[in-house]
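First the structure, in the form of C-alpha cells, and then the observations on it.
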Amino acid sequence: MTPSDGIDTTTADETRISTDDPALESERFRAFDRPDGRIGVRNRLLVLPSVICSHIVADRIADEIPAAVSAPHDHGCAQLGADNDQTERTFLGVGRNPNVSGVLVVGLGCEVVQSEGVAQRFAESGVPVRELSIQAEGGSDRTIERGIDVAGTLASEQSEAETAATLGDLTVGVVSSDVQRSTLETADPLVGEFVQRVVDAGGRAVVAGTERFVPHGDRACEAVADEATRREFEQLLETKRRIPARTAGLQHRAAGRSFDEVSRSWNGLPVRDVLSYGEPATHESDVAIVDAPSRFAEAATGLAAAGAHVIVHGTADGIPSGHPVVPIVKVTGDESTADALAADIDVDATTTGVDDFTETVLEILEGDPSCAERHGLTEFAITRIGPSM
Amino acid sequence: MSVTASALADRIAVEAGALVRSTPHQMGSSQPEAARAQTERVLVGTGRNPNVGAVLLVALGTEAIDADDIADRIAGTGKPVETIAIRDAGGTEATIDEGTKIARSLVDSIEELERETADASELIVGVECGGSDATSGIAANPAVGNACDRLVEAGGTATFSETPEFIGAEHILADRCPDDETRKRLLERVDTREGMAQLMGVDLRLAQPSPGNKDGGLTTIEEKSLGAISKGGTTPVRGIVDYGEPLPAGGGLVLMDTPGYDVESVVGKVAGGAQVVVFTTGRGSTTGNPIAPVIKVTGNPKTWGRLSSNIDCNASTVISGESLEDVGQRLFEDVLDVASGRRTEAERRRLEEFAINEIQPAELVELRGESP
Amino acid sequence: MKGVVIDDKALLMAENDTVATALDDLEAGTELPVDTDARSDDSATGETGGASSRVVVLEEAIEFGHKIALADIEAGEKIYKYGEVIGVATADVPAGAWVHTHNCASTRGRVDREADDATALGAGGDPR
C-alpha cells in the first residue's frame, strides 16, 4: 500500500511499499483490505458448525447467503485431550484466515467444543462473530431461519474495502499430496520457483505434509534456521516415527528419495518455524512447516488455519477437491492427469513456466475462480491425533 | 470411496432425484491398513443395508480401496451396483453428468419395488443415545429398552453400542452374557475404550460426560452408563460385534463395539444392517442418517416442548406417571410404523449426517501392542 | 418408572441409593421425607411416614434432573444411584446438598490413578 492511499496508517505493512518498484508492476493485484492491515483474496463469511451434529444446519444457512461458505466436519465432541484442543485451535485458525470477513458459529448445545466459547474467542481476536445453537434456539428449523437472518446481517456488514497488493503480501500454502515421480520432478520444482518469487517479493510460505520429513530427520532438521525450532522439529519427527502415518505408504516412498528431492516445492528455503496443526503463522519470511498430513483436505485446512491466502496443490492423481475459505491452485506434473482432468487442473506443469504460473495465480488472487471454485467443490476436513470416544 | 469423491457423490444424489442419498465421508485415499479395513467394512455394509435398493460407487480412481472390490461385495446381495471413477469419466463435471445418468437408471430399476408385509422378526433395530441427561436413564432409555424386549420377543434383533458408555455398568452387561467367551470379549472392549483416555494422556472426564450431559444432571461416566445400558432392555446379551460388522437377523440383543460419538456410532449400526434406529436424547439431538430412519425419543418434558419439531416420541410421560410397559408398547408400534414407511422428523428435514469412525494412528500403536 | 417417587419431588432409583434425582426445579428449604419403610411402594408420599421416617431439607436450590444427597456422605465414600456406584465423594457432602461434579468424581478412565502406563502419544503430537 502506498502512503497516499491514506488508510490503515497504524499497521501498514512495509512490504507493501515495495509495490512502488516498477519491476513488480505486473505482480500487483487488487485485494480486500482487512481492518488489521492484512489483505484478503476472498471475502468469505464462514458458517462454522462447532460439532458434526450441527453441520447440515450450517450448510443450509450458508446455502442461502451468497457470501457465505460452511465448513462441515466430523468433529467437535467425544474427542480427548490434545485431539480436542487441536479441533478447537483449528476452528479459530480457519476463522481468522484473512479471506474470512466474519464468522457465524453454529452449535448443537450439549457438545464438548461449545459454540459460545468458540465465538467468544473470535470476538476477543477482533473477528466479527455471531453464535447460535440448536438447543437454545428450539430446534433445527428455527436455527436455520435465525441463522439466515444473522448471516445476512453479517454479510451486509462485510467491508468491501479494497487495496493494492503484491506477491509480497502473500502467505502461500503449499502441499503436494503424493511423492510420485511427476510431482517430485515436474510439479514441485515449478511450485518451488513460484514460492521463491513470493519470498523474494517479501512474502512467505507455509508447507504441509509432515510424512515426507520423517524419513529424512537429520537432514530435514538442518533446514531449520533457528536452534530452538530445530529441537521442536526433532521432537515432532521423533513422535511421528512412533505412530503410523495417516497417509499409508507415503513415508516409505519419501524415504526412497533424497531430502533435496522432497523439498523442491518450497525450493529448499530455510524453515523459520514449525507450527502445530491449526496454529497461525507468525514467521516474517521464508517457510514455516505445518504439522499436517499430506491428505489433501486435511492439509488444506491446516494451511488455511496457518493463514494461507491461497494454496498450491501438487497432485499426480488430480485430486479435484477445493476448500471453503482458500482458493486452491491445482498443479500436476502428470501428463495423463492433465489430459484426463483438464477442467480440474489449473496448471499443467509439463507445459508451464514460472511466469505463466504466476500469472494464473495472480488471476485467481484477483477473484477469477480456480477450477475447484468453478465446480463448487469446498471439501473441509480437520485432521485427528486421537480416537473418538 | 474417499473424501475427494464425496463432494461429487453429494452432487449426483441431489441431481438424481428424491430417492437418492449420498454417504459422504472424510476418509483419505490411502489409510493405514487397519483403518482402511474398517472404512471398507462400513462402505460394504452401508451398501448391503436392506434399505438400499441399488448402489452407485463414486471414486477418484486411485484410492487404495478398490471400488470394483467393494462393488462385488455389495452385489452379493443381488442388488444392482455400478461404479464411476472421476479420472475415467474425465473430470468433475463429466462425473456429475454421467453419474447422474447412472443413478437415474438405477432408480428406474428399483422404482417399481413395492412394500410387502413382513414380520417383526426380520427387523434389526439399532438403539442409540445422544445428548443424554438425567431423564435418559430414568425415562427414555428404559422405555426404549422395553420396546427392545418386545422386539426380541417377536424374534427380531436389537442392538446397542457406544462402548465408552458401558464403563461403570459393564458388570451388569457381563452378567447377561451367555458364556465366558462373550463376557471376556465384552470386558476387553470396555478396557480398550477406557484405555484411550490414558493413551491420550488425559482423564476420560474431559470428554465424558459432555457439557450438555452435565448441565442435564449427569455427573460421571458411571452414572451416564448405568442409565445408557437400560436402552437395550433386559434380555440376554447374545454377542458383541465389531464396528460396522454384520448383525445377525433374528439374533436377539447383540452389542456392537463403537465409540459413543453419535453419528459415527449410528453409521456403524446401519452398516451392520439396522433398518431402523431409535435414538434417545435428553438435551435434544437433531441428527439422522441417510440410509436408516432415525426415531428421536426424549424423556425430558422441557425438550419435548422446545424441540418437538425434531423429536418423534415423547417418553417424558414416564416421569408423569405413564407406565414403562405402556410407553414401551407405544414405541414398539412407532418402530413398526416407521419400518412401514412413516417418515421421521429427521427424514422430513433431510438431517442425514454421515461419518465413518476412523481408527486413529495413536490407536493403531495400542492395537499393535496388543497383538504382537 | 422404576424406583420410588418421594413426595412428587424426587426419584429414588434403588433402595440402597445415597442420592435421589430432582423431578422438578426444587428450591432451597424443600423438605423430602425419606422413609425406608415406604420405599417399596410406588405411591409413597411420605406424609404418613412412620416413626422411622426422617426429613432431608435441601441446602440449596437443585435443578430438575440433578441429584440430592439423602444422607451425610464423607469425602472418599462411594455414591450410589441405580443401586450401583456412580463415583466417590471428593468432599464431605451433607444430607440435602446438591451432588454433582464439584463434590463427586468418576473413578474410571483416570490418568492420575494409572499414571505409569500413560504413554501420552497424543500429547506428543503438539510441538508447542
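Here, each number is a calculation from the coordinates, and none is a lab measurement. A quick note: this is a predicted structure, and the numbers were derived from the prediction, not measured. Cβ sites come from the backbone with ideal geometry, for glycine too, and all protein chains shown count toward neighbours.
Observations on the model:
- The stretch A:112-161 - Kirkwood radius from inverse mean 1/r over Cα pairs (Å): 12.0
- Stokes-Einstein D in µm²/s, Kirkwood radius over Cα pairs - the stretch B:184-254 at 25 °C with 0.890 mPa s viscosity: 171
- For chain B, average projected area of the Cα convex hull in nm²: 18.0
- For B:CYS177, the residues 5 or more places off, or on other chains, whose built amide H falls under 5 Å of its own are B:VAL237.
- With viscosity 1.002 mPa s and temperature 20 °C, the Kirkwood radius over alpha carbon pairs of the stretch A:44-157 converts through Stokes-Einstein to a diffusion coefficient of 159 µm²/s.
- 10 Å Cβ neighbours from other chains, averaged over peptide C:63-76: 3
- Distance from the stretch A:102-181 to the stretch B:233-293 (C-alpha centre basis), Å: 33
- 10 Å-binned pair-distance histogram of the stretch B:3-114 (Cα, whole percent): 15, 49, 32, 4, 0
- The stretch B:285-372: Cα Rg divided by the 2.2 N^0.38 Å rule of thumb: 1.51
- Kirkwood's formula applied to the C-alpha pairs of the stretch B:215-372 gives a hydrodynamic radius of 17.2 angstrom.
- Relative counts (whole %) of C-alpha pair distances in the stretch A:168-374, using bins that are 5 Å wide: 1, 8, 17, 22, 23, 16, 8, 4, 1, 0
- Summarising the overall dimensions of the stretch A:323-389 from its C-alpha atoms, the Rg and Dmax are 14.7, 50 angstrom.
- 0 to 90° range, to nearest 10: angle between helix B:361-370 axis and chain B longest Cα axis: 70
- Net dipole in debye of chain B [+1 Lys, Arg Cβ; -1 Asp, Glu Cβ; about Cα centre; nearest 20]: 760
- Calculated mean residue ellipticity at 222 nm for chain B: -13000 deg cm²/dmol, from DSSP H runs with n ≥ 4 weighted as -39500 (n - 2.57), summed, divided by the residue count and rounded to 500.
- For the stretch A:267-277, 3J(HN,Hα) computed residue by residue from phi via the Karplus equation (6.51, -1.76, 1.60; θ = phi - 60°) reads 6, x, 5, x, 8, 9, 7, 10, 9, 5, 4 Hz, glycine and proline entered as x.
- Tilt relative to chain B, helix B:3-16 - C-alpha long axis, 0 to 90 degrees, to 10: 80
- Kirkwood hydrodynamic radius of the stretch A:226-322, from the reciprocal of the average inverse Cα-Cα distance over all distinct pairs: 14.6 Å.
- Between the stretch B:298-366 and the stretch A:359-389, the C-alpha centres lie 35 angstrom from each other.
- Qualifying lysines (Cα of each under 25 Å from Cα of B:LYS101; at least 8 residues distant if same chain): B:LYS79
- Residue-normalised convex hull volume from the C-alpha trace of chain A: 128 Å³ per residue.
- Descending Cα extents along the principal axes, the protein assembly as shown, whole Å: 99, 62, 56
- Close amide H partners of B:GLU82, meaning residues 5 or more places away or on another chain with modelled amide H under 5 Å apart, are B:VAL55, B:LEU56, B:LEU57.
- Derived scalar couplings between HN and Hα for the stretch B:17-32 equal x, 5, 8, 9, 10, 10, 10, x, 8, 10, 6, x, 7, 9, 7, x Hz in order, rounded to whole Hz, by the Karplus curve 6.51 cos²θ - 1.76 cosθ + 1.60 (θ = phi - 60°), x for Gly and Pro.
- Selection of trypsin sites (Lys or Arg not before Pro), the stretch B:89-131, meeting DSSP coil and at most 15 other Cβ within 10 Å: B:ARG115
- Label-point gap, in nm, between C:GLU63 and B:LEU113 - each point 7 angstrom along Cα→Cβ: 4.6
- Peptide B:124-137 shows a mean partner chain C-beta count of 3 within 10 Å per residue C-beta.
- Gaussian network model of chain A, Cα within-10 Å springs - most flexible of A:GLY302, A:GLY376, A:GLY40: A:GLY376
- Net charge contributed by nearby residues that have their C-beta within less than 13 Å of A:ILE144 (K/R +1, D/E -1): -2
- Span per principal axis, largest first, for the Cα atoms of the stretch A:142-282 (Å): 54, 39, 35
- Rounded Å value of the spacing that divides the Cα centres of the stretch A:281-314 and the stretch A:219-248: 16
- Amide H to amide H, with H built 1.01 Å from N, B:GLY288 comes under 5 Å of B:GLU352, B:GLU353, counting only residues 5 or more places away or on other chains.
- Chain A, helix-only ellipticity at 222 nm - DSSP H runs n ≥ 4, -39,500 (n - 2.57), divided by all residues, nearest 500: -10000 deg cm²/dmol
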